[in-house]
Structures are given as C-alpha cells and as structure tokens.
Amino acid sequence: MNATVTTLTEVQDPKALVADMGVRARSAARTLAALSSAEKAKALKSAAAAIRADADAIKQANAIDMQRAADKGLSGAMLDRLKLDDDRIEGIASGIEAVAGLNDPVGEVISESERPNGLKMRRVRIPIGVIGIIYESRPNVTADAGVLCVMSGNAAILRGGSEAIESNRAIHAALTRGLAEGGVPADAVQLVPTTDRAAVGAMLTAAGLIDMIVPRGGKSLVERVQNEARVPVLAHLDGINHTYIDAAADPDMARAVAVNAKMRRTGVCGAMETLLIDTGYADPRQIIDALADAGCEVRGDAKAQALGAGIKAANDEDWDTEYLEPIVSVKFVDGVDDAIEHIAEHASGHTDAIITGDEATAEKFLKTVDSAIVMWNASSQFADGGEFGLGAEIGISTGRLHARGPVALEGLTTYKWVVYGTGQTRP
C-alpha cells in the first residue's frame with residue numbers, strides 16, 4: 001500500500017484541477033439524469049459488492065491513516081471517527097444497499113394544477129446537478145455522499161481530509177469500480193486527489209461548475225466555507241445538543257436516555273453536550289452519578305457542583321462547546337421556559353431533546369425550540385439519516401432554507417416547472 005500523500009504540486013493548479021473535474025462531473029450528471037430508478041439502484045448494488053470485495057484493501061489503507069493519526073496525537077474521538085473495521089465496512093456496504101432500496105425522488109410530481117386558459121402546470125423534482133462535498137475525519141462519508149448523489153441523479157466531487165486520505169482513496173476506488181460495472185460513469189463520483197487546502201478554495205469559487213457545496217467537519221471548516229463560498233452552501237454547524245430533564249420525567253428513563261445521549265458515541269454530531277435539569281426534578285444526582293460511572297467528566301454550575309466533589313466548575317465557554325469527548329456540562333434551570341431560553345442562547349440548531357411525562361410541557365418544548373431536530377423522550381444519538389429511515393445521509397443541515405435536519409435523497413433535489421399547452425398564446 002502506497003503511504004505517500006499526494007501534494008498539489010504533484011497534480012496541477014487547483015483551479016485547473018477543479019475545473020477539469022467540474023466539466024467531467026457535469027457530463028456525468030447529464031448521463032445520470034437520464035437513468036431510471038432501477039438502473040441507478042442496480043449500480044449501487046454493484047458498488048456495495050465492490051466495497052465488500054475490497055474490504056481487506058480498505059482496512060490496510062485505514063491502518064496507515066490510523067497510524068499517522070496516532071502519531072499526530074489525534075484525540076480518541078477523532079480516532080474513533082477515522083477507524084474502519086469489518087463491522088463498519090459492512091455498515092458502509094449495507095448502507096449503500098439501503099439507499100438503493102429507497103424511493104427515488106427524481107421525477108416526482110410535487111404539485112399540479114390547470115389554469116383557466118387550459119395550461120397544465122406541474123412542479124417536478126429534478127437533481128441539483130454537481131454537488132461538492134468537503135469533509136473531515138470520517139471515511140464512510142466518501143461512500144455515503146457518493147451514493148446519495150448518484151441515487152438522486154447528481155454528480156459528486158468529494159474532498160476528504162488529509163487524516164483519512166488513504167481510506168478515502170481505497171473506498172473511492174471500490175465505489176467507482178462498482179458503479180462503472182453497474183452502468184454509471186466513473187466521473188459521477190470523483191475524489192479530489194490532493195489534500196492541499198488550495199483545492200478547497202478552488203471548489204468554493206467554482207460557480208458554474210459546482211452547483212452546491214456541503215461542508216461536513218469542524219467549526220473552522222464550516223466557517224471558511226461560509227465565508228469564502230461563491231456557490232450555494234448547505235451548512236452543517238456544530239452539534240451543541242441539549243437534553244432537558246423535566247420535573248415530570250421518569251427517573252429510569254431520564255438516567256438511561258442521558259447516559260446514552262452522551263456516552264454511546266461521544267464523537268458523533270448527535271451526542272449530547274449539555275444536560276439541563278429542572279430544579280424540581282427529584283433525584284438529579286442519580287443521573288450525574290450514572291454519567292460519571294460511565295466514564296464521563298462532569299462540569300456543572302454551582303447547584304450541580306453541590307451534588308458531588310468530583311464535579312468541576314463549568315465556565316461560560318462550556319455552554320457553547322461541542323466537546324466530542326466524554327465531557328458534559330450540567331446546568332439547573334427553573335422549568336421548561338428557562339430551558340428553552342438557555343437552548344435559544346447556546347444551542348447550534350442541531351438536536352435538542354426533552355425528557356418528561358407531561359405532554360403539555362413536551363409540546364411547548366417541541367414547538368418553541370428552533371432546532372433542525374427536536375425530540376421527546378428519546379436520545380439525541382438518533383440524529384442520523386439511517387435512523388430516520390432515509391438511508392445514508394450527506395449531513396445534518398442546521399440552516400433554515402432548502403433542506404433541514406438529515407439530508408438524504410429528497411434534500412439533494414430541486415424542482416422545475418413543466419407546462420403543458422395546446423397552443424395557448426398570451427393576450
């Protein structure tokens with residue numbers, strides 16, 4: 001396995017590189033737009049088979065990335081995001097098959113009507129065109145993003161992070177081979193061959209070549225994309241997610257959900273980062289002790305600190321931090337209104353949950369909290385396209401336009417008006 005990371009000078013000027021990829025992607029997108037749902041599904045199943053066939057090569061490539069990451073001192077959460085084993089590779093393959101089995105939104109008639117003059121109007125779903133995905137750490141995104149774009153009729157230009165370059169290349173090689181064997185042009189999913197940041201800048205300014213950019217990564221990446229992009233952006237911001245334990249919460253449920261929301265996987269964007277507890281809740285220490293027993297560092301306000309000597313003091317920065325580590329901040333609030341106020345001030349608009357047996361309180365929370373995903377009596381770790389029945393996801397959109405929450409096939413389409421006439425002329 002070649003462990004050499006390609007540099008920009010080994011390929012070509014970044015703008016020329018992206019321009020060439022964009023032209024080829026646009027041509028592939030036209031081919032994709034003409035394929036039937038069955039043809040796209042067949043190609044995806046072929047891609048899944050290729051991923052399974054190349055599992056050993058993918059693991060070997062991942063081992064190189066993991067060693068480099070460990071040598072650089074990457075955190076445990078980052079290493080967990082990067083790691084690929086047999087189960088995760090099978091998860092990638094089965095996820096591709098799941099997308100192949102989804103309903104294809106392309107061609108769906110959203111609405112139709114007939115005007116008094118006899119003109120028939122239809123709004124029909126169509127692919128967006130060429131989508132650029134800029135992501136970090138998680139090599140599974142190479143497959144997830146690629147197959148979602150293909151099934152929705154879009155070509156994809158993928159730019160992964162340097163920490164996963166070998167894994168991304170191995171997954172991409174298997175994916176495109178399988179797609180090509182299934183009848184989809186290899187240029188439908190392209191991987192930028194360099195890790196140089198200049199290539200990101202070239203993608204962000206490739207108006208006319210790339211129709212939409214999707215960033216998946218840390219705050220600095222998303223901020224750069226939003227500041228520099230001359231192409232529409234579908235943004236995925238921090239996952240500063242809250243779970244609010246109401247006074248009417250069932251104690252066993254509250255404990256189980258809180259521990260799962262934080263500790264199931266601490267490095268995912270759906271992980272709880274702040275636990276809010278109603279001052280009227282009967283046994284808050286039970287929840288805090290359960291988190292600590294699970295290996296979580298607890299940082300709290302004065303009321304939380306009073307519950308145990310091991311609780312560190314939370315500062316102002318903690319309420320605005322996506323830890324992605326086994327760390328949680330705990331704050332006591334005076335009822336649901338105070339919880340909603342804290343979330344409005346500190347949340348990132350990703351996923352926020354309430355645990356309560358009071359339906360009226362839950363409904364107030366669900367209606368008032370302005371996040372892409374709001375939950376009642378459920379772990380925020382369910383913030384995932386697969387758990388929503390959407391197959392793989394290209395990201396969780398925290399914006400308010402186009403698509404929101406887990407973005408899958410429908411979120412990767414737009415629409416056009418189709419007008420049927422019988423010779424009408426406008427007076």
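Values as computed for the structure displayed
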{"quantity": "Ranked packing of 51-57, 289-295, most packed first, by mean Cβ within 10 Å", "calculated": "51-57, 289-295"}
{"quantity": "Span from the region 139-216 Cα centroid across to the region 22-42 one, whole angstrom", "calculated": "14 Å"}
{"quantity": "Given charges at beta-carbon only (K, R positive; D, E negative), |dipole| of region 241-382 in Debye", "calculated": "460 debye"}
{"quantity": "Angle in degrees between helix 55-71 and the longest Cα principal axis of the chain, rounded to the nearest 10", "calculated": "50 degrees"}
{"quantity": "With Cα atoms, 0 to 90° folded angle of helix 140-151 axis to the chain main axis", "calculated": "50 degrees"}
{"quantity": "Degrees between helix 359-368 axis and first principal axis of the chain (Cα, 0 to 90, nearest 10)", "calculated": "50 degrees"}
{"quantity": "Antiparallel DSSP beta bridges within the chain, percent to nearest 5", "calculated": "30 percent"}
{"quantity": "Partner lysines for Lys219 [C-alpha distance under 17 Å; skip if fewer than 8 residues away on the same chain]", "calculated": "none"}
{"quantity": "All-pairs Cα distance distribution in the chain, expressed in whole percent, bin size 10 Å", "calculated": "5, 20, 28, 23, 16, 7, 2, 0, 0"}
{"quantity": "Taking Thr205, Thr351 and counting other C-beta atoms within 10 Å, the order from fewest to most", "calculated": "Thr205, Thr351"}
{"quantity": "Volume per residue that the Cα convex hull of region 58-210 spans, once the total is divided by residue count, Å³", "calculated": "143 Å³"}
{"quantity": "Calculated [θ] (222 nm, deg cm²/dmol) that DSSP helices of n ≥ 4 give over the chain, each run adding -39,500 (n - 2.57)", "calculated": "-12500 deg cm²/dmol"}
{"quantity": "Exposure proxy order (Cβ contacts within 10 Å, fewest to most) of Ile126, Ile110, Ile355, Ile287", "calculated": "Ile110, Ile126, Ile287, Ile355"}
{"quantity": "Straight-distance crosslink candidates among lysines, where the alpha carbon sits under 24 Å from Lys303 and sequence neighbours closer than 8 are dropped", "calculated": "Lys262, Lys312, Lys331"}
{"quantity": "Backbone N under 18 Å from the Asp85 label point (7 Å along Cα→Cβ), restricted to region 139-166", "calculated": "139-140"}
{"quantity": "Cα gyration tensor category, rounded, prolate or oblate, for region 158-275 with a/c compared to 1.5", "calculated": "prolate"}
{"quantity": "Sorted by Cβ density within 10 Å, fewest first, the residues Trp417, Trp376", "calculated": "Trp417, Trp376"}
{"quantity": "Solution diffusion estimate, µm²/s, Stokes-Einstein, region 241-382, Kirkwood Rh from C-alpha pairs, 10 °C, viscosity 1.306 mPa s", "calculated": "110 µm²/s"}
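Every number in this text was worked out from the coordinates using simple rules, so none of it is lab data. All of these numbers come straight from a predicted model, not from anything done at the bench. With ideal geometry, Cβ positions are generated from the backbone for all residues, glycine too; neighbour counts draw on all protein chains shown.
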